[in-house]
Amino acid sequence: MDDLMVFVSVLRSDLNEQPDAWANSHVAGYLESIAASSEGSLNKGDLIVHEQRWAEIADALFAGRIYE
């Protein structure tokens with residue numbers, strides 16, 4: 001979990017240093033983009049979402065940065 005927190009901190013720094021590089025600089029749009037970009041990675045028939053490794057969560061958080 002420490003690695004995830006470091007990654008989140010790096011994302012926050014990136015937002016502060018390069019706000020124009022972020023398509024979604026507000027939390028609502030960012031979270032919506034995470035959900036939308038992750039939607040295709042779930043199997044349509046699965047009702048249970050399996051626990052993801054921190055790297056997969058980090059990928060989703062990063063995707064929210066640029067996904068529109």
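Summary of values
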read-out	value
Residues of region 21-37 that turn out to be touching a residue at least 40 places away in the same chain (Cβ under 8 Å) and part of a helix (DSSP H, G or I), as a count	1
Odd one out for residue 16 among (1) at pLDDT below 85; (2) in a helix (DSSP H, G or I); (3) polar (S, T, N, Q)	(1)
Filtered residues of region 36-62 (kept if modelled with pLDDT of 80 or more and out of contact with any Leu (no Cβ under 8 Å at 6 or more places or on another chain))	36, 59, 60
Selection status of residue 65, within 14 Å of the chain's Cα centre (by Cα), modelled with pLDDT of 80 or more and basic (Lys, Arg)	yes
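The values are calculated or read from the model by the stated rules, or taken from the named source; none is laboratory data. Note that the structure is predicted; figures quoted are calculated from it, not measured. Heads up, the Cβs are rebuilt from the backbone with ideal geometry, glycines too, and the neighbour counts pull from every protein chain shown.
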